[in-house]
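So the structure is just underneath, and the comments pick up after that.
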Amino acid sequence: MNRFKQLIVMFFIINVIFLSHAHAQLAMTNVYGRDAVSLNGQWNAIVDPTGIGDWRQVWEERKPEKKTDFFEYSFEGGPLLSVPGSFNTQYPELTYLEGTVWYKKVFDAKPEKAKRLFLHFGAVNYQATVYLNGDLIGSHEGGFTPFQFEITDVVRNGKNTIIVKANNQRLKDGLPGLGYDWFNYGGITRDVHLIKTNASFIEDYLIQLKSHSLEDVTGWVKVNGSLRSQEIDIIIPDLNINYKTKSNRDGIAKVSFKSRIDLWSPDNPRLYEVIIKSKTDTVSDKIGFRSIEVSGTKILLNGESIFLKGINIHEENPLKSEKAFSEEDAILLLSWAKELGCNIVRLAHYPHNEYMVKLAEEMGLMVWEELPVYQHIEFSSPSMKNKMDVMLREMIRRDRNRAGVIIWSLSNETYDFTPKRNEMLADIAKKTRRIDDTRLITSVINNQGYENNTVNVWDSVYSHFDIISINEYLGWYVPWQGKPEDTEWKLVFNDKPVFISEFGGEALFGSNFGAKDEAAYWSEEYQEKIYRDQVKMFASVPNLVGVSPWLLVDYRSLGRMHPIYQKGWNRKGLLSEKGERKKAWHIMNKYFSEN
Ligand code: GCU
């Protein structure tokens, strides 16, 4: 084969390899403020537990042509699945599926000149491979962050077919890894949209108060498209602001202006209409302005010391035993948090859907968002650094304009003995500060020692974070060694704020099976005692800036297997899965009302 032919073949091979690994793009900001058409609803599905759909190439949807043709798959005649939603909860036979389901949706498109089209997913758990009209358009890994594909040049005029391979198998080198204490809801678990933009559009922006300032608004606007350099207006009618700037040839426009502002806080969740206008695009958003910082061992919101009255929440609507993904789900969960007396919600252990974050902000709840860097993580896996980096950027890009978000948590309960854990956490802490210096960062650790009723918080990795966040289960997993109020604390860093990010224990609502002072009966009284003792101990925790019980409501976790008390539910909720208040709920409600 002559040299020229060799080059042609090489070029072809490279192209095939590239296409087969086309990765999703970072999603544009503020999807709900765009010219977006929802693709939610009923999708056709092929359930593929053995994963043979790849070999059969189901995305080609081949149909018999000759009398002797047949194909051992078809979307037509198969089950329908609601999107958004997990496939596990829609058919009994899918309850425990950890594998592949193929989704199909047909939509009409009318490509327009000088318009661009994007396919946007709020999330697919855990891996998504997306085809359009039988061609691979790309893939995405990560079950809790948005992603998009530009389909401008491949969409047809008229009918188009999307096929999504959704696979929720747990991966040793995944985020999270193989082991986690929540239900593995698989599928297209959040909204899907087709987004139309102009040829040059506003892809991303940051409009927030400068760190440590109560009147300096700072940020930038990023234009995507051929017309990168444009006049940009930032209009905030209620502040009489019409700030003008210009994007450079990279499409970046800097924003910096002063204004007296009615600051956002839980007691005053003030949001402003902010209009970002360029020659070719206009996007509007509701943005709050607040300052959050650490000063010594205190957390200051708008310059005032604040005590964080938190609660942990998983992304699940227990009344439906289903993934939470809608505005109604968010209202249910966040209303329960407000009733408890909280001013912050820890969205455990992964970024929740956008409704949760936006509604929390509107309801006056601060938000702690977290990466699913959970417990056993293969930090030494070659792909791990990139996975953490992509997920971090996807999370921050989506929510960086949400004033309610005050904390980025970069991990939960990782182990100091895991190879490369310390350096990877240090690295992602640095990256986070570089991307967003307007919020606090933390990592949750639970390797503290406990001897002679003394808690020894020793992990040096806390040096990279603003807050020492500790999960402790004294009174449940760890019996007390003395009076709770006499507990001593030794802190590796005594110049940082301390946040008890998890504590609690289990109780089955209404459990009356046996002795109230024995854990093995899951009584409400036992759980209530844990909370009474924890409240006594809080008074002795140095630099305490807040507490967050684990957790708001009982939730599904298949590792919780006791056939009488748990039945696949983690019972540490202050509420039962029906929303019934356990005795411990009242202890926390009183504590929050008094602090
Ligand atoms: C851990 C972990 C939670 C878990 C909880 C429990 O601290 O962070 O995800 O569910 O303990 O054991 O219930």
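The values are calculated or read from the model by the stated rules, or taken from the named source; none is laboratory data. Here the structure is a predicted model, which means the values were calculated and not measured. Neighbour counts are summed over all protein chains in view; Cβ atoms, including those assigned to glycine, are modelled from backbone coordinates with ideal geometry. Side chains are part of the model used for accessible areas, which takes the heavy atoms of the whole protein and leaves out ligands, DNA and RNA. Shrake-Rupley method; radii C 1.70, N 1.55, O 1.52, S 1.80 Å.
Brief remarks on what is shown
- Under 5 Å between amide hydrogens, built in the peptide plane, is the criterion, and for Ile299 it picks out Ile306 among residues at least 5 positions away or on other chains.
- With contacts taken as Cα pairs under 8 Å at a separation of at least 6 residues, the stretch 55-126 carries a relative contact order of 15 percent.
- Rounded if a/c under 1.5, otherwise prolate or oblate - the stretch 385-465, Cα gyration tensor axes: prolate
- Of Lys63/Lys159; Lys246/Lys431; Lys172/Lys420; Lys483/Lys529; Lys338/Lys590; Lys254/Lys279, those spanning more than 19 Å from alpha-carbon to alpha-carbon: Lys246/Lys431
- Length-normalised contact order of the stretch 436-478 in % [C-alpha pairs under 8 Å, at least 6 apart]: 45 percent
- When both bridge partners sit in the chain, DSSP labels roughly 70% of those beta bridges antiparallel.
- Surface composition of the chain: carbon plus sulfur atoms hold 52% of the accessible area, using a 1.4 angstrom probe and ignoring ligands, DNA and RNA.
- In the chain, the DSSP-assigned H stretches of four residues or longer account for a calculated mean residue ellipticity at 222 nm of -5500 deg cm²/dmol, using -39500 (n - 2.57) per stretch and the full residue count as denominator.
- Gap separating the Cα centres of the stretch 391-465 and the stretch 497-568, nearest whole Å: 24 Å
- Cut-off under 5 Å, modelled amide H: who pairs with Glu322 long-range: Asn317
- On the beta carbon distance between Trp458 and Tyr32, with R0 = 41 Å, the FRET formula returns roughly 0.40.
- Stretchable slack from Trp480 to Lys254, in nm (0.36 nm times residue separation minus alpha-carbon distance): 75.9 nm
- Heavy-atom SASA rank of Asp267, Asp262, Asp437, Asp181 (probe 1.4 Å, accessible area, largest first): Asp267, Asp437, Asp262, Asp181
- Close amide-amide hydrogen proximity is noted between Met366 and Ile344, Val345, each under 5 Å apart and 5 or more residues distant or on a separate chain (H modeled in the peptide plane; Pro and chain starts excluded).
- Across the stretch 492-502, coupling constants 3J(HN,Hα) worked out from phi with the 6.51/-1.76/1.60 Karplus curve, θ = phi - 60°, read 4, 10, 9, 10, 10, x, 10, 10, 7, 7, 8 Hz, and Gly and Pro carry x.
- Surface calculation, 1.4 Å probe, protein heavy atoms: Met561 sits at approximately 150 Å² accessible.
- Student exercise, the stretch 460-595 dipole from Lys, Arg, Asp, Glu Cβ charges, in Debye to nearest 20: 380 debye
- The chain shape via C-alpha gyration tensor axes, a/c threshold 1.5: oblate
- Dipole of the stretch 311-397, positive end: most advanced residue of Leu392, Met356, Ala330 [Cβ charges, Cα centre]: Leu392
- Against the criterion of solvent-accessible heavy-atom surface with a 1.4 angstrom probe, His352, His464, His586 sort, most first, into His586, His464, His352.
- The mean sequence separation of alpha-carbon pairs under 8 Å and at least six residues apart, normalised by the residue count of the chain, gives a relative contact order of 11 percent.
- The charge dipole of the chain, taken about its Cα centre with unit charges on the Cβ of Lys, Arg, Asp and Glu (plus for the first two, minus for the last two), comes to roughly 1680 debye.
- With the whole protein complex present, Lys529 retains an accessible surface near 110 Å², based on a 1.4 Å probe.
- Anisotropy class of the stretch 479-526 from Cα gyration tensor, a/c 1.5 cut: prolate
- ³J(HN,Hα), Karplus 6.51/-1.76/1.60, whole Hz, each residue of the stretch 128-136, x for Gly, Pro: 10, 10, 10, 10, 10, 6, x, 10, 5
- Here is what passes the span test in the chain: the DSSP H helices with alpha carbon length of 15 Å or more along the helix axis and a Kyte-Doolittle mean of 1.0 or above are 3-20.
- Applying 1/(1 + (r/R0)^6) with R0 = 41 Å to the Cβ-Cβ distance of Thr50 and Lys115 gives a FRET efficiency near 0.50.
- Rolling a 1.4 Å probe across all protein chains gives Ser305 an accessible area of roughly 80 Å².
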